[in-house]
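Encoded as structure tokens, the structure appears first; notes follow it.
The values are calculated or read from the model by the stated rules, or taken from the named source; none is laboratory data. For clarity, every value in this text was computed on a predicted model and none was experimentally measured. Cβ placement follows ideal geometry from the backbone for every residue including glycine, while neighbour counts extend to all protein chains displayed.
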Amino acid sequence: MDGPLSGATIRILYTASAPAMADPDLIRLSKLMSERGICSRREADAYIAKGLVYVDGQRISELGTRVDPNCEIKLATEASRMQQERVTVLLNKPIGYVSGQPEPGFTPAVTLIRPENLWSEAGAGPTFQLAHMKGLAPAGRLDIDSTGLLVLTQDGRIAKQLIGDDSEIEKEYLVRVEGGLDGQGLKLLNHGLSLDGVKLRPAQVVWQNEDQLRFVLREGRKRQIRRMCELVGLKVVGLKRVRIGRVMLGHLPVGKWRYLRTGEGF
């Protein structure tokens, strides 16, 4: 063929066949950035589209670019500054608020992140700005009937650290229960239970006092602790998350929030 149609056809075939011709040893740049903890995949795509990512010294601006898994990746100064400006907040969620996307009639916990609810004893931190609310989302769930530490963040790196598939961050809970529990039941709570046909990871469960258990988990299945307790004949009557990784709830009052401090990490 010749003429304009020929040229157009060649370009279309080249574009369509490019993925099939991709080197199988290469990996999508955004995926690699996420795996290395540089940022989330969504953030990576935004940085790439703006030309703010350098691979082995070469600026990359095309979405879907595949690279060597061992390449050097650097962010432009502007992207690094954008990351530093992203905030993470810690909220002591009250009962009655949902942590994620609410159904009609339910109030999301993010609505509590207002200047008047900032804990006055939190110490030095950023000055509240409306920009801190943009994209602020919970990094993990806490049931409507539960209280305690809830992390909300604008930073995809922190979200991945806390709720990524390979996350090993511990979450600690104090759980008041009713019912009897023998040694075998306690052993099952520590390891041996399944939910929805999937085995749970090993946990650390011990008695805190005569009616309260302390749970330390490395996963966060929906209503996991309540369902675990039901399987061994216990009823949960109170549940409070007191720690995520190295960050403690501490004396943060119910309904109040504070910024994650500089140098403080999970």
Item to complete: Scan region 112-128 for residues that are closer than 18 Å to V151 by Cα and either free of Cβ contacts under 8 Å to residues at least 24 places away in the same chain or charged (D, E, K, R) (or both) and report the count.
Response: 3
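Here are D155, D165: which of them is out of contact with any Lys or Arg (no Cβ under 9 Å at 6 or more places or on another chain) and under 21 Å from E35 (Cβ atoms)? I'd like the intermediate steps shown before the answer.
Working: D155 fails: out of contact with any Lys or Arg (no Cβ under 9 Å at 6 or more places or on another chain).
Being out of contact with any Lys or Arg (no Cβ under 9 Å at 6 or more places or on another chain) and under 21 Å from E35 (Cβ atoms) holds for just one of D155, D165, which is D165.
Is it the case, given these coordinates, that G183 is of a type outside the set (S, T, Y), without any contact (Cβ under 8 Å) to a residue 24 or more places away in the chain, farther than 20 Å from N92 by Cα and surrounded by fewer than 12 Cβ atoms within 10 Å (Cβ to Cβ)? It would help to see each step written out before you state the result.
Working: of a type outside the set (S, T, Y): yes; without any contact (Cβ under 8 Å) to a residue 24 or more places away in the chain: yes; farther than 20 Å from N92 by Cα: yes; surrounded by fewer than 12 Cβ atoms within 10 Å (Cβ to Cβ): yes.
Yes; evaluated as a whole, the condition is true for this residue.
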Worksheet item: If you scan region 34-76, which residues turn out to be within 25 Å of F266 (Cα to Cα) and polar (S, T, N, Q)?
Response: S34, S40
Worksheet item: Does region 145-168 hold any residues that are among the small types (G, A, S) and not in a helix (DSSP H, G or I), and which are they?
Response: S146, G148, G164, S167
Fill in: Residues of region 186-201 satisfying the condition of being within 23 Å of the chain's Cα centre (by Cα), surrounded by 12 or more Cβ atoms within 10 Å (Cβ to Cβ) and within 26 Å of R246 (Cα to Cα)
L200
Discussion item. Tell me yes or no: at least one residue of region 43-51 is modelled with pLDDT under 85 and either assigned to a loop (DSSP other than H, G, I, E, B) or β-branched (V, I, T) (or both).
Written reply: no
Response to the item:
Residue hits (region 108-144; surrounded by 13 or more Cβ atoms within 10 Å (Cβ to Cβ), assigned to a helix (DSSP H, G or I) and within 22 Å of the chain's Cα centre (by Cα)) are A109, V110, L112, H132, M133
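Please specify each residue of region 220-247 satisfying the condition of being without any contact (Cβ under 8 Å) to a residue 24 or more places away in the chain and either touching a strand residue (DSSP E or B) at 6+ places or on another chain (Cβ under 9 Å) or acidic (D, E) (or both).
Taking region 220-247 first, the residues without any contact (Cβ under 8 Å) to a residue 24 or more places away in the chain are 230, 246.
Selection gives E230 alone.
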